[in-house]
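The values are calculated or read from the model by the stated rules, or taken from the named source; none is laboratory data. Note that this is a predicted model, so its numbers are computed, not measured. Virtual Cβ from ideal backbone geometry, glycine too; neighbours counted across all protein chains shown. Each accessible area value is taken on the protein alone, full model and side chains, heavy atoms only, with ligands, DNA and RNA left out. Shrake-Rupley method; radii C 1.70, N 1.55, O 1.52, S 1.80 Å.
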Amino acid sequence: MCGIVGYVGTNKSVEVLLGGLRRLEYRGYDSAGIAVIDPAGELHTRKRAGKLQVLVDDLDARAIANGSTGIGHTRWATHGGPNDQNAHPHLGDDGKLALIHNGIIENFAELKRELLESHPDTVFTSETDTEVAALIVGLEYQKTGNLQLALRNIVARLHGAFTLLVLHRDEPGVVVGARRNSPLVIGLGHGENFLGSDVAAFVEHTRRAVAIGQDQIVTITADDVVVTDFDGNAVETDEFEIAWDASAAEKGGWSSFMAKEISEEPEAIAKTLLGRIHDGVVHLEELDALDYSLADIDRIVILGCGTAAYSGMLAKYAIEKWARIPVDVEMSHEFRYRDPIIDARTLVISVSQSGETMDTLRAVQYAKEEGARTLSICNTQGATIPRESDAVVYTHAGPEVAVASTKAFVAQVAAFYLFGLHLASVRGTLSAAEIAGLAGELQALPGQLETVLEQHEAIKQLAGWMVDTRAVLFLGRHAGFPVALEGALKLKELAYIHAEGFAAGELKHGPIALIEKGQPVFVVVPSPRGKDSLHPKVVSNIQEIRARGARILAIAEQGDASVLPYADVVIPIPLASTLFEPLLAVAPLQIFAMELAAAKGLDVDQPRNLAKSVTVE
Ligand code: F6R
């Protein structure tokens with residue numbers, strides 16, 4: 001939530017900041033603003049409510065002097081509504097200092113009260129917690145005359161989560177940043193350096209990055225980068241090369257990032273598997289460095305939110321079946337508040353596309369404090385959650401820009417399945433031949449998924465017919481259940497249509513009362529093959545709701561004739577065994593939600609009220 005970019009270099013701050021904000025806009029799009037110090041040492045700020053384009057248009061109409069030092073911000077409102085006044089940057093030291101912020105300063109009311117007691121004439125121009133920080137850093141600058149020191153002296157007084165970037169007219173050529181529980185990454189250039197909420201902010205300028213740890217302060221100039229802890233002690237940093245290509249975060253010729261990202265799902269799975277399966281043997285070299293044996297783990301807890309948590313539900317089915325170890329899946333925000341039972345034999349696996357979701361981060365930190373082992377499945381290099389975990393298995397889905405997660409979901413499931421097979425091998429619960437067979441099925445998925453995506457036009461047409469629909473239900477059983485939940489979530493967040501996902505077996509225990517004539521219900525139908533297939537039970541569930549007037553939209557295996565008499569529409573998917581079907585069945589639901597939203601004229605990449613990286617609790 002909220003995107004932050006900082007730059008010191010040559011005389012092109014405005015362009016660098018706006019380019020960075022464009023790539024970070026997925027983090028928040030209520031308002032945006034920049035502050036730049038021009039070559040004459042003057043500080044200029046401009047901030048506007050609305051999407052980034054409003055700011056860009058404003059700057060086109062009324063340019064500000066360019067400069068070599070600047071900061072920029074794109075906001076997801078927490079304290080105070082999305083208007084020009086509350087947009088960042090905020091000013092301190094009589095307008096000579098500008099500050100931007102991502103996170104929430106929990107004790108801001110107390111700090112404001114103290115500020116008014118010591119400086120009763122203080123004028124507040126916004127309702128934000130950030131302005132209070134700008135004002136007190138400004139006062140500290142008046143005392144110290146040193147920006148790094150001023151920020152360092154103040155961060156100790158702040159509670160909550162924050163990344164702060166600050167610049168001062170009297171220190172042109174310097175941007176100072178501080179972070180606690182919110183992300184900040186450095187980009188290293190030649191004669192220029194960058195700061196960003198994530199590497200997307202500067203990947204078009206440099207592939208060299210450094211992640212900043214918890215409670216650290218960074219000072220960048222054009223030629224230097226200095227990182228210290230909050231006490232001013234130098235700290236070691238890890239440089240890494242950004243694996244993403246700048247063009248991967250461009251829309252290309254697609255109508256939306258989401259359309260592009262769905263089309264990239266086969267590649268997201270293939271790249272996540274790449275180099276990790278050799279001759280039917282799964283090897284995750286990231287786990288080699290663990291200082292304990294996975295054989296000693298006796299329980300797994302998977303933590304995530306939203307779509308990521310649904311990937312964890314699929315992981316539970318797979319890991320329990322293959323590795324015969326109990327797995328619980330929990331939404332991160334519920335986990336640490338209920339005194340969960342975990343210990344050194346518990347492996348807590350967090351799953352997060354951004355690697356910054358605050359609920360998940362806090363849950364991981366809690367798990368560590370309680371002595372649990374931690375592993376993260378993450379799509380973003382240099383993010384906080386992998387840094388806080390014992391090990392990370394990266395998904396290689398590439399940058400996901402659309403706010404609603406699509407390709408990251410299938411990559412997360414693929415990474416979990418790799419882990420499940422690896423664990424089965426460690427625990428000896430599957431034979432080498434069984435693992436090789438399942439790994440082969442995993443490797444076949446990208447090709448199979450390509451054929452599912454070929455149905456995009458037909459699904460778009462279906463969505464077009466349903467543009468006036470007020471509610472849609474989604475049913476699935478076993479591995480189809482998380483798919484139903486994900487289908488419903490996508491429709492809610494993109495098309496603002498009431499949608500619910502149910503386990504098909506649960507319907508008769510209450511939700512079937514919702515069924516009335518014409519009610520559309522998507523049903524994820526399991527394969528009819530296999531002796532334990534739930535196919536007959538789901539077909540019975542279909543008959544029950546059809547008898548009550550439901551319109552059935554079935555996602556079923558190619559050639560499954562048994563659903564034809566009962567379904568109004570059938571979307572066929574290729575043959576795959578139970579645990580692999582979800583990776584084929586989810587794309588039609590993603591496409592449906594996206595196309596229905598588009599048919600309603602909605603912004604599919606930036607749905608209302610949302611932000612991609614949820615960095616507040
Ligand atoms: C839904 C969606 C969210 C995220 C959730 C977790 O389309 O994108 O539900 O999955 O906010 O985000 P990450 O994976 O970044 O932790």
> Between region 216-284 and region 426-480, how many Å separate their Cα centres?
Replying inline: 26 Å
>> For ARG345, project a label point 7 Å along Cα to C-beta. Then give me every residue of region 417-443 with its amide nitrogen under 19 Å of that point.
In response: 423-424, 426-429
> From the phi of every residue in region 334-346, what ³J(HN,Hα) in whole Hz does the Karplus formula 6.51 cos²θ - 1.76 cosθ + 1.60 yield, where θ is phi - 60° and glycine or proline is x?
Replying inline: 8, 4, 7, 8, 10, 6, x, 8, 9, 8, 5, 9, 9
>> Let's test the formula: R0 of 41 Å, r as the Cβ-Cβ distance of VAL123 and ASN11. What FRET efficiency results, to the nearest 0.05?
In response: 0.80
> Once amide H atoms are built 1.01 Å from N in the peptide plane, which residues 5 or more positions from VAL329, or in another chain, come under 5 Å H to H?
Replying inline: ILE302
>> Suppose all protein chains stay in the model; what accessible area per residue would a 1.4 Å probe give for region 3-250, in Å²?
In response: 36 Å²
>> At 1.4 Å probe radius, can you tell me the per residue accessible area of region 455-599 in Å²?
In response: 39 Å²
> Considering amide H positions built from the backbone, and no H for Pro or chain starts, which residues 5 or more places from TRP244, or on another chain, come under 5 Å of its amide H?
Replying inline: none
> Could you name the aspartates and glutamates in cross-link range of LYS96, using Cα to Cα under 18 Å and dropping any fewer than eight places away on the same chain?
Replying inline: ASP38, GLU42, ASP121, GLU131, GLU140, ASP170, GLU171
> Any idea how far apart ARG338 and HIS509 come out in nm if each label point goes 7 Å out from Cα toward Cβ?
Replying inline: 1.5 nm
> From the backbone phi of region 467-482, what are the Karplus-calculated ³J(HN,Hα) couplings (6.51 cos²θ - 1.76 cosθ + 1.60, θ = phi - 60°) in whole Hz, Gly and Pro given as x?
Replying inline: 5, 9, 5, 9, 8, 9, 10, 10, 10, x, 10, 6, 5, x, 5, x
> If you roll a 1.4 Å probe over the chain with all protein chains in place, what percent of the accessible area is carbon or sulfur?
Replying inline: 49 percent
>> Can you tell me which lysines have their Cα less than 18 Å from the Cα of LYS537? Leave out same-chain residues fewer than eight positions away.
In response: LYS508
>> Given points 7 Å out from each Cα along the Cα-Cβ axis, report the VAL235 to ALA63 separation in nanometres with one decimal.
In response: 4.0 nm
>> If the reach is capped at under 23 angstrom between alpha carbons, list the lysines near LYS251, excluding any in the same chain fewer than eight residues apart.
In response: LYS51, LYS260, LYS271, LYS407, LYS460, LYS490, LYS600, LYS612
> Quick one: if you stick a label point 7 Å off each Cα along the C-beta vector at LYS368 and ALA458, how many nm between them?
Replying inline: 4.9 nm
>> Can you pull out the trypsin sites (Lys or Arg not before Pro) in region 141-241 whose DSSP state is coil and whose Cβ has at most 14 other Cβ atoms within 10 Å?
In response: ARG157
